[in-house]
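This report concerns only the one structure given below.
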Amino acid sequence: MGRVATVFIGNIPYDTTEQQLRDIFGQVGRIESLRMVYDRDTGKPKGYGFCVYEDAETAQSALRNLAEVEVHGRRLRIQLSENETRNMSSGQGMGMG
């Protein structure tokens with residue numbers, strides 16, 4: 001559809017590499033970008049990141065197909081980022097209507 005969609009990735013083990021996440025999340029479709037979040041002071045990973053897909057359908061596929069994925073013995077927590085959730089709700093649940 002031409003509009004990118006962002007998936008939040010939580011519970012990432014600290015020894016996981018960005019390439020490992022790309023390999024996992026690339027299984028459901030083309031990744032526009034993927035970034036892990038690091039502590040500004042220590043440079044250590046914070047245990048979460050974001051994967052941007054080329055469309056909402058691919059992001060939904062990630063939610064469905066990667067929900068049980070484990071990395072280094074920890075199950076990743078995968079959900080649409082807050083911005084995507086807001087955009088997809090089209091005003092529902094936000095006091096409108």
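The values are calculated or read from the model by the stated rules, or taken from the named source; none is laboratory data. The structure displayed is predicted, hence computed values, not measured ones. Note that each Cβ is placed from the backbone with ideal geometry, even for glycine, and that neighbours are counted across all protein chains shown. Keep in mind that these areas ignore ligands, DNA and RNA; they rest on the heavy atoms of the full protein, side chains included. Shrake-Rupley method; radii C 1.70, N 1.55, O 1.52, S 1.80 Å.
Filtering the range 1-27 to residues that are of a type in the set (G, A, S) and open to solvent by less than 60 Å² (accessible area, probe 1.4 Å) leaves A5, G10, G26. In the set R30, R75, only one residue is touching a Ser or Thr at 6+ places or on another chain (Cβ under 8 Å), open to solvent by 90 Å² or more (accessible area, probe 1.4 Å) and at pLDDT 95 or above; that residue is R30. State which residue is least open to solvent (accessible area, probe 1.4 Å) when the search covers only the range 78-94 and only residues that are of a type in the set (G, A, S) and at pLDDT below 75. It comes out as G91.
For E68, indicate whether it is within 19 Å of V4 (Cβ to Cβ) and open to solvent by 30 Å² or more (accessible area, probe 1.4 Å). Taking the combined requirement at face value, the residue does not satisfy it.
Of all residues in the range 33-48, those being at negative phi, surrounded by 12 or more Cβ atoms within 10 Å (Cβ to Cβ) and not charged (D, E, K, R) number 6.
Quick one: in the range 40-72, of everything that is aliphatic (A, V, I, L, M) and either at pLDDT below 95 or under 13 Å from the mean Cα position of the chain (by Cα) (or both), which residue is nearest to V28 (Cα to Cα)? Per the stated criteria, the residue is A62.
Scanning the range 9-55 for residues that are closer than 18 Å to N83 by Cβ and either assigned to a loop (DSSP other than H, G, I, E, B) or free of Cβ contacts under 8 Å to residues at least 24 places away in the same chain (or both) yields I31, S33, L34, R35, V37, E54, D55.
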